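All remarks here apply to the structure that follows.
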């Protein structure tokens, strides 16, 4: 099997042979110097880490480009990083995602629902990739873009680096497990993960890969072939070593870097939130990030009832596409807020368990717990409990106001709070010194995929 980071001539077909000016985007321009293109398919939590690494590389003299959904193109541009819109937005497909969220609790059906959304946007995304990815580029992509990026590597020889934010890499070790079938992993389940979760995660990108291969007249590759090739490519694990320690049976081309965070001060909040916090110091944060709710108003009622029963006040971040929600005496509703600013001001954080929010809560050094919707989130919830920073996770599919009230009370003023606070402070101190983006850039330079500092 040829390396996915080089031209795979054995996989090429006569139909894909064309002059460079036809095969390459950017007017056929070939710079002779590697450029790093970040394929940021996904939500804000997928885009922000990519932008952090792009900025780190740009400051070292490497040319970078971010491809992101239209609602997020402003994030890299405010950092001075060129960005091209992928054309299809996330918010405009919110109803498709809400239907997928209706399948929480069944990871297989949820993945099918999300893949349906991918089919709807693949035809819009593919031409952007053809235009803006060149043969001498290094493509840094999350799981949804891996299969399509490998197809482009077959066509034009670009390099591919896979970025994962969680425990999707196959391993028999319990620390690296992400399994929806068991609460406590073991080696047998590790084998299932090797053949199931890894392959299934990459299959989320099948719609885009299929469109790319058809357009480029490339042969079909089975999910198992794609999974095998993906294991041979360089993999950056953009997560804290405290959350996800390296596993001894991972491939040698894998590195756990720490989470990728933008430098600088957090974005300040609006005056209304500042004034509310002055009246209500040390609230508990409850928010589910990019996990769109089937009924945001019902979620607010559930959180309000739980907060009242637990005797706490809550800051609740509603999802981007939710209708207007009025705050209540127990719950202050916000839309956009920088976790780096807010979380250290909270008594505790309850969230969905996405990789970015999990790291932000750990870095804040405050107790935290997870209401898991699916995918890697139950794993993150278990890891937080094992680290001692919070109680066992809950599942969104079975969440009630009574369960949430018990979780709020445990974190805010329960008998275990002192231990949570102590461990959260210890772990937070370790997470904050990891400097993940710099470590990732160093690794890319050591592998000669990108030039060193100039």
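The values are calculated or read from the model by the stated rules, or taken from the named source; none is laboratory data. Note that the coordinates shown come from a computational prediction; the quantities given were computed from them, not determined experimentally. Ideal geometry is used to build each Cβ from the backbone, glycine not excepted, and the neighbour counts take in all protein chains shown.
At pLDDT 95 or above, closer than 19 Å to residue 421 by Cβ and in contact with a helix residue (DSSP H, G or I) (Cβ under 9 Å, 6 or more places away or on another chain), is that true of residue 405? Here the answer is no, as residue 405 does not meet what is asked. Residue 18 satisfies every condition listed in (1) assigned to a helix (DSSP H, G or I); (2) more than 30 Å from residue 378 (Cα to Cα); (3) at pLDDT below 55 except (1). When residue 101 is tested against (1) at pLDDT below 55; (2) out of contact with any helix residue (DSSP H, G or I) (no Cβ under 8 Å at 6 or more places or on another chain); (3) in the same structural domain as residue 141 (by the TED database), exactly one condition is not met: (2). Flag set for residue 243, criterion: surrounded by 23 or more Cβ atoms within 10 Å (Cβ to Cβ), under 23 Å from the mean Cα position of the chain (by Cα) and assigned to a loop (DSSP other than H, G, I, E, B). Residues that are without any contact (Cβ under 8 Å) to a residue 60 or more places away in the chain and either under 24 Å from residue 373 (Cα atoms) or not in a loop (DSSP other than H, G, I, E, B) (or both) within the stretch 251-291 comprise 256, 271, 272, 274, 275, 276, 278, 279, listed in sequence order.
Apart from one condition, residue 4 fits all of (1) modelled with pLDDT under 55; (2) under 19 Å from residue 159 (Cα atoms); (3) surrounded by fewer than 18 Cβ atoms within 10 Å (Cβ to Cβ); the exception is (3). Looking only at the stretch 375-411, residues that are touching a strand residue (DSSP E or B) at 6+ places or on another chain (Cβ under 8 Å), under 20 Å from residue 301 (Cβ atoms) and crowded, with 17+ Cβ neighbours inside 10 Å come to 7 in all. Among the residues of the stretch 45-76, those that are part of a helix (DSSP H, G or I) and within 24 Å of residue 451 (Cβ to Cβ) comprise 49, 50, 51, 52, 53, 54, 55, 56, 57, 58, 59, 76. May I ask you to verify whether residue 394 is under 26 Å from the mean Cα position of the chain (by Cα) and farther than 23 Å from residue 243 by Cβ? It is false that residue 394 is under 26 Å from the mean Cα position of the chain (by Cα) and farther than 23 Å from residue 243 by Cβ. Residues that are on the phi > 0 side of the Ramachandran plot and surrounded by 24 or more Cβ atoms within 10 Å (Cβ to Cβ) were ranked within the stretch 327-374; the one that is farthest from the chain's Cα centre (by Cα) is 374.
Of the residues making up the stretch 406-421, those that are in a helix (DSSP H, G or I) and either closer than 23 Å to residue 305 by Cβ or not assigned by the TED database to the domain that holds residue 282 (or both) number 9. If only residues of the stretch 81-98 that are in contact with a helix residue (DSSP H, G or I) (Cβ under 7 Å, 6 or more places away or on another chain) and at pLDDT 95 or above are counted, the one that is nearest to residue 148 (Cα to Cα) is 86.
Could you say whether any residue in the stretch 292-314 is touching a helix residue (DSSP H, G or I) at 6+ places or on another chain (Cβ under 9 Å), in a strand (DSSP E or B) and buried (at least 24 other Cβ atoms within 10 Å of the Cβ)? Among the residues of the stretch 292-314, at least one is touching a helix residue (DSSP H, G or I) at 6+ places or on another chain (Cβ under 9 Å), in a strand (DSSP E or B) and buried (at least 24 other Cβ atoms within 10 Å of the Cβ), which makes the answer yes.
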